[in-house]
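The structure under discussion appears below in the form of C-alpha cells.
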Amino acid sequence: MSKYDRKTLERLINGELTWEELKPIISGPKDPDRFDKVLEILQSRVPWKEKILLPLHEHLYVVSKGGQRIVKCDCGYEFGDYRENWKTKCRVRVRDTRESIEEIYMKYMGSNPEWEELREYYCPGCLTLLDVECAPPGYPTVFNFLPDIDTFYEKWLKKPPPDKK
Amino acid sequence: MSRRCIGWNKKSLKEMLEESERVFKETGYYCGIDKLRLKEEDPFRYERAYAGLRGALVSARETALHIAASPIVREIGELCFALYTPEGDSIVVSTGILVHVHTMSEAIKFMIRENYEEDPGINPGDIFLNNDPQCGNVHTTDVQTLIPIFWKDELIGWAGGVTHQVDTGGIVPGHDLTSAIQRFDDGVYYTCLKIGSNDKIWKDHLINARRSVRTPLYWELDEKCRLAGDLMIRDAIYKFIEREGIDYYKQFIREAIEETRRIFKERVKERLIPGRYRAASFFDIPSKETAWQPRAKVDKISNEPIEIIVKEDGSISLSFDGASGPGANPMNCDKGAMEGGQWVLLTQVLIYGDKVNDGAYLAVETDYPLGTWSNAGDPYLSYQSPWGNLIPAYTGMMKCLSYGLFSRGYREEVIPGYGFTGDAIQGGGVYSAGPLMGQRWALSTFEISGQGLGASAVRDGLDWGYAMWNPEADLGDVETWELFQGGIPYLSRRVKPNNAGYGKYRGGANYEGVAMIANSRDVDFFGAREGMVFHGSGGMHGGYPQPTAYRLYAKKTNMKEIIEKQKDYPLGDPDPANGEFERLLKGEITRKEYCTIYPITLENYDLIHYALSGGPGYGDPLERRLDLVKQDLNDGIYTKDIVYKVYGVVANYDEQRGEWVVDEEATRKRREEIRRERKEKSVPFNEYWERERKKIIEGKLCDAVKIMYSESLRLSKRWAKEFREFWRLPEDFMVEVK
C-alpha cells in the first residue's frame, strides 16, 4: 500500500514532480487516502470558506453553500446547482469560421467549420478557459460528469458527506 | 443425429454456455462462484497456477512469432494468444494485441450457438479459422486460429491465436481499405471454418488461401505461427493438469474469471467516483469526391456519443445510444469489434496487471445499439476498417474515466485521449526494374502504431511513442519494412511543428514523412485519418484537440532532375500555407483538407506526404509554464507564431546562444491581452444558445451534419428527446436531408 506525504502530493498537483518521481506513483499501488489528502490541500488553496465536497475540474469544485451543493470556481465565481451543466453558465466563444479556426490552427490542420466548430467555455469571473468542445454545428452542449456524491461518501468512503455530518 | 456430448458431465457445449449465462444472471457470480475456495485455501498454489499459465501463453507468443513472416507480426508483435473455458470465456492471455482476447471469445460462442458440436463436429486435433467481423473479429485482416483442448473425452478449453495480416485479398491491397463498401470488397472471409484435423491444416484450405490473398507467403507462415502457439498452449495445459489435477483445473479456471470480475469492481471503487459520465466524439468519412461507387459518394460524420454509468457496486455500464447509422463505407463495426475496443481501454486505463480476463468484461454492461455504426447488424456491409469509428469513439471512454480519476485525486492517471492510429498510408505496386522486377510490393507501414498520447493533469503527453491499439509503438527495423515496400523509399522523417494539442500540459507531438515512388509500375496509394473534424472528443479542462490531418501528394514531378543535379527536395510540410512542396518542386501538387482518400494511381518520382497524430491537451494554455514553452520552441514542437497566439508567449531566437529566449514582461502583457480578447469575443451562454439554435432551426447545416442528425434522431429515442429538449424544439422535430 502506497502512502505519500503532503509535500509530494502538492508537488504532484503543481506538476512539479520529475519523471523519476512520478513513474513509481503511476506504476505502484494507489494510496487509499489520496482523496482526503488532495481535498485538504485544495481546500487550503482556495480563497473562500465553503467546504469542498468534490474537486470537479482543474479550477472548479462542488462545494456546500447554504445547504446547497453548487459548482464554484477557485476565483470565487459560482455556477449554481452541481446537477446542472456548469458550461451553461459560462461565457462562450465559438470558432465557426475558417478565419477564427486558422487563428490558432495552421491552414489544413483545423476542422472544416461547416463540419465541426470549436467552442471555448470561459469562466465569467476570471476568464480562464475551462473547456474546449469540438462538435458539429448545432450539437448540444455535453454534460460531461454528474457525480453521485452521496453514494461516493456513504457507500464507498463509508462516511457521511461533509455537508451531512 | 446423435453424438456423445463433449461438455462436462455429459452436457453439450450449448447446454454449458446456456447454463453459465443463466447462473450468472441469477446469482451475479461467474458460474455461481460466491467463494474463491482455491484462492482462500492455498493462495500460493493458486497464484502459482495463474502465473504458470500466463507464462506459458507469453512464451507461446514469443516463440511462435518467429515462425511468422509478416513484418507486422515479427517486428511489432501484432499477435496474441489466449486460453478460454469450454464456453469461450477468456481465462488468461498473453501479451500482445489485446483487442482480440474478447473477439475470439465471441467466435467460440458463435460456434457453440451454431451447434458446431453436431456439425461440423468438434474433435481433438481440429483446427478452426475465423476472420469474420460478424462472428467475433474486428476486421478481415485480423485472422484467428482456434483449437479445442480435450482431456480424455471432455472439452476443457480452447486455445486461440490471432495475427494481423498485411493483406487478405480485398478490393485493393492493404489492411484498412478505404474503398471497401460491402462484404464482397473486404477480402476473403473465413467464418469459423474448420480447416484441419489431427493437428494438421488441410491441403485444400492451403491451396485456397494461397490464391485468396496477395501475400501468400505471409499468410501461410503466419497461419503456422498461430497454430504453433495454440499447440504450445495445449501442451502447457496438459502439463498443468498432470501437475495440479483435472478437478483443480476445472475449478481454477472458473475462479480466475470470477476473481478478475471482483478485482475490476474493486478497482473501479478504488479509483473512480460513482455517477454519470458523458463525452461525444466524431469521425469524418468524406467519400463524396473520391469514392468510385455511386452509392458511396456521400460525405458523412459519425456521431459517437458515449455514456458511462459508474454504479454503487463498482460495476459500470457503457452505452453508445445516439450513435449515427452505418453506411457504404468500411468503418462499420460489429458488437465484437466494439467489445474488443472496450477491452483495450479497460486493460490500459483500469485493469492493467497480471489478472486480465473476461471477468472484467462481465463487470461491464454494454449497449451497442443495433442498426448504428457501432453494431450495424448487416453481414453484407463492409467491416474492413471499423477502426475508423472505433478509435475516435473510445477516446470518449478514456476521457470519461479521466473525469473520475481526477475527482478522486489520481491526477497522474488522467488522459483525455490519444492520437488517431494514422495516417494509415497503404497501397502497393509492381517492381519495374532491379533484381525484383515483376514482383509485387506492398505499402503497409506500421509507423502508425506510435502516436502522441494525450496530456495528463500533471505532465505533457508522450511524444510519438504511444500505442493505444497496437502492442508496441516502435515499428521495429525499418530495413525489414523496406524489404517489402521497396517501391516507395522514404525521403525524410522529421518532427511536424504545431501538431500537439494545446494546453497547460500539451498533448504528445508527432512527426511527418515524405516518400517517393521508385522503380515501379501499377502503383496504388491511399490513406486514412481524420481531416474535416478533430480527432475524437478533444482535450480536457480547457485543453485543445490535436490538429487534424490532411492529404498532400505531388505527381509528374521533376524529382529525377532534382536527384541528378543534387538539388534540395521537400523534407516535410512544416507550414502548409507556404509549402516546401510548392517551393522546391515542379509538378502537380494536390492538397486536400480531408485525409481519407480512395486509392489513386502514382508513377515513378511522384511524392507522398503523411503526418502522424499528436495527442490532445489538458488545461488552459495560458497556464503553461514558460520554461516548458521555451523547450517546445527549442525542440521544434511549436513555432513562434503559435506560442504567441495560443500560449500568449513572446519569444525570440537568440542566434548567438542558439536557443529561444522568452520575453517575460512582453509575455505577461500578451497573456493579459488574450484574457481581454476572451471577454470581447465571447458571449453569455444564453446568447450563444440562441445563435446556435438558429443553425438547427434554419437548417444552416452542411449535408454531412444533416445526415448525422437525421440518423441519430431516427435511431435513438433518448438521444432525440434530449436533443429536442436542449434546443426547445417540437416533439416531432426532425432534420431533413434532401
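The values are calculated or read from the model by the stated rules, or taken from the named source; none is laboratory data. Here the structure is a predicted model, which is why all the values come from computation and not from measurement. Cβ sites come from the backbone with ideal geometry, for glycine too, and all protein chains shown count toward neighbours.
Restricting A:Val63, A:Val142, A:Val94 to residues that are β-branched (Val, Ile, Thr), at pLDDT 95 or above and closer than 27 Å to A:Trp48 by Cα narrows the list to A:Val63. The condition of being at negative phi, without any contact (Cβ under 8 Å) to a residue 12 or more places away in the chain and either in contact with a Gly (Cβ under 7 Å, 6 or more places away or on another chain) or part of a loop (DSSP other than H, G, I, E, B) (or both) holds for only one of B:Lys700, B:Lys679, B:Lys694, that being B:Lys700. Restricting the search to segment B:398-424, which residues are within 16 Å of B:Tyr544 (Cβ to Cβ) and either charged (D, E, K, R) or at the interface with chain A (Cβ under 7 Å from one of its Cβ atoms) (or both)? Listed by number, the list holds a single entry, B:Lys399. Looking only at residues in segment B:436-461 that are part of a loop (DSSP other than H, G, I, E, B) and away from chain A (no Cβ under 14 Å), the one that is nearest to B:Gln426 (Cα to Cα) is B:Ser444. As for segment B:373-392, it holds at least one residue that is within 14 Å of chain A (Cβ to nearest Cβ), part of a helix (DSSP H, G or I) and buried (at least 23 other Cβ atoms within 10 Å of the Cβ). Inside segment B:281-304, residues that are of a type in the set (Val, Ile, Thr), more than 9 Å from chain A (Cβ to nearest Cβ) and not in a loop (DSSP other than H, G, I, E, B) make up a count of 1. Could we say that B:Asn130 is within 23 Å of B:Asp185 (Cα to Cα), assigned by TED's automatic domain parsing to the domain that holds B:Gly196, over 19 Å from the mean Cα position of the chain (by Cα) and crowded, with 24+ Cβ neighbours inside 10 Å here? Taking the combined requirement at face value, the residue satisfies it. Applying the criterion of being of a type outside the set (Lys, Arg) and exposed (fewer than 12 other Cβ atoms within 10 Å of the Cβ) to the residues of segment B:642-663, the residue that is farthest from the chain's Cα centre (by Cα) is B:Gln656. Scanning segment B:576-588 for residues that are touching a Lys or Arg at 6+ places or on another chain (Cβ under 8 Å), surrounded by fewer than 18 Cβ atoms within 10 Å (Cβ to Cβ) and within 14 Å of chain A (Cβ to nearest Cβ) returns a single hit, B:Ala577.
This table checks each residue for (1) within 11 Å of chain A (Cβ to nearest Cβ); (2) over 26 Å from the mean Cα position of the chain (by Cα); (3) of a type in the set (Val, Ile, Thr).
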{"site": "B:Ala279", "(1), (2), (3)": "yes, no, no"}
{"site": "B:Ile306", "(1), (2), (3)": "yes, no, yes"}
{"site": "B:Ile309", "(1), (2), (3)": "yes, no, yes"}
{"site": "B:Ala323", "(1), (2), (3)": "no, no, no"}
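With respect to B:Val73, determine if the residue is buried (at least 24 other Cβ atoms within 10 Å of the Cβ) and assigned to a loop (DSSP other than H, G, I, E, B). The answer is no for B:Val73. Give segment B:632-659 a look and list any residue that's more than 14 Å from every other protein chain (Cβ to nearest Cβ) and outside any loop (DSSP other than H, G, I, E, B), or say none. Listed by number, the residues that qualify are B:Asp632, B:Leu633, B:Asn634, B:Asp635, B:Ala651, B:Asn652, B:Tyr653, B:Asp654, B:Glu659.
Here is the figure for segment A:74-113: residues that are within 27 Å of B:Ala500 (Cβ to Cβ) and under 15 Å from the mean Cα position of the chain (by Cα) total 3. If you check B:Ala509 against the conditions, is it in contact with a Phe, Trp or Tyr (Cβ under 8 Å, 6 or more places away or on another chain), surrounded by 24 or more Cβ atoms within 10 Å (Cβ to Cβ) and among the aliphatic types (A, V, I, L, M)? In short, yes.
Every test in (1) modelled with pLDDT under 95; (2) part of a helix (DSSP H, G or I) is passed by B:Glu47 save one, and that test is (1).
Table: residues versus (1) surrounded by 17 or more Cβ atoms within 10 Å (Cβ to Cβ); (2) under 27 Å from the mean Cα position of the chain (by Cα).
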residue: B:Gly28; (1), (2): no, no
residue: B:Lys39; (1), (2): yes, no
residue: B:Glu47; (1), (2): no, no
residue: B:Ala51; (1), (2): no, no
residue: B:Arg54; (1), (2): yes, yes
residue: B:Leu57; (1), (2): yes, yes
residue: B:Arg61; (1), (2): yes, yes
residue: B:Ala64; (1), (2): yes, yes
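Is it the case that A:Ile70 is away from every other protein chain (no Cβ under 13 Å), under 14 Å from the mean Cα position of the chain (by Cα) and more than 19 Å from B:Arg678 (Cα to Cα)?
yes
Residues in segment B:703-734 that are part of a loop (DSSP other than H, G, I, E, B) and either at pLDDT below 95 or more than 10 Å from every other protein chain (Cβ to nearest Cβ) (or both): B:Ser716, B:Arg728, B:Leu729, B:Pro730, B:Glu731, B:Asp732, B:Phe733, B:Met734. Scanning segment B:500-536 for residues that are assigned to a loop (DSSP other than H, G, I, E, B), over 21 Å from B:Glu447 (Cα atoms) and either more than 14 Å from chain A (Cβ to nearest Cβ) or of a type in the set (Phe, Trp, Tyr) (or both) returns B:Tyr502, B:Asn519. Filtering segment B:552-567 to residues that are more than 9 Å from chain A (Cβ to nearest Cβ) and outside any loop (DSSP other than H, G, I, E, B) leaves B:Tyr553, B:Ala554, B:Lys555, B:Met559, B:Lys560, B:Glu561, B:Ile562, B:Ile563, B:Glu564. Selection within segment A:139-165: residues that are in contact (Cβ under 8 Å) with a residue 60 or more places away in the chain, more than 7 Å from every other protein chain (Cβ to nearest Cβ) and not in a helix (DSSP H, G or I). The member of this set that is surrounded by the fewest Cβ atoms within 10 Å (Cβ to Cβ) is A:Leu157. Taking the criterion of being more than 9 Å from chain A (Cβ to nearest Cβ) and touching a residue at least 60 places away in the same chain (Cβ under 8 Å), the only residue of segment B:617-627 that qualifies is B:Arg624. Criterion first (within 19 Å of B:Val101 (Cα to Cα) and either hydroxyl-bearing (Ser, Thr, Tyr) or over 17 Å from the mean Cα position of the chain (by Cα) (or both)) does B:Tyr352 satisfy it? Yes.
Output the residues belonging to segment A:110-134 that are of a type in the set (A, V, I, L, M), facing another protein chain (nearest Cβ under 7 Å) and surrounded by fewer than 24 Cβ atoms within 10 Å (Cβ to Cβ). Matches in segment A:110-134: A:Leu127 only. Considering only residues of segment B:398-421 that are touching a strand residue (DSSP E or B) at 6+ places or on another chain (Cβ under 6 Å) and assigned to a helix (DSSP H, G or I), which is nearest to B:Ala549 (Cα to Cα)? The extreme case among them is B:Lys399. Only residues that are modelled with pLDDT under 95 and surrounded by 18 or more Cβ atoms within 10 Å (Cβ to Cβ) were counted in segment A:21-37, giving 0.
Counting just the residues of segment B:76-100 that are β-branched (Val, Ile, Thr) and part of a strand (DSSP E or B), which one comes out surrounded by the fewest Cβ atoms within 10 Å (Cβ to Cβ)? The qualifying residue surrounded by the fewest Cβ atoms within 10 Å (Cβ to Cβ) is B:Ile91.
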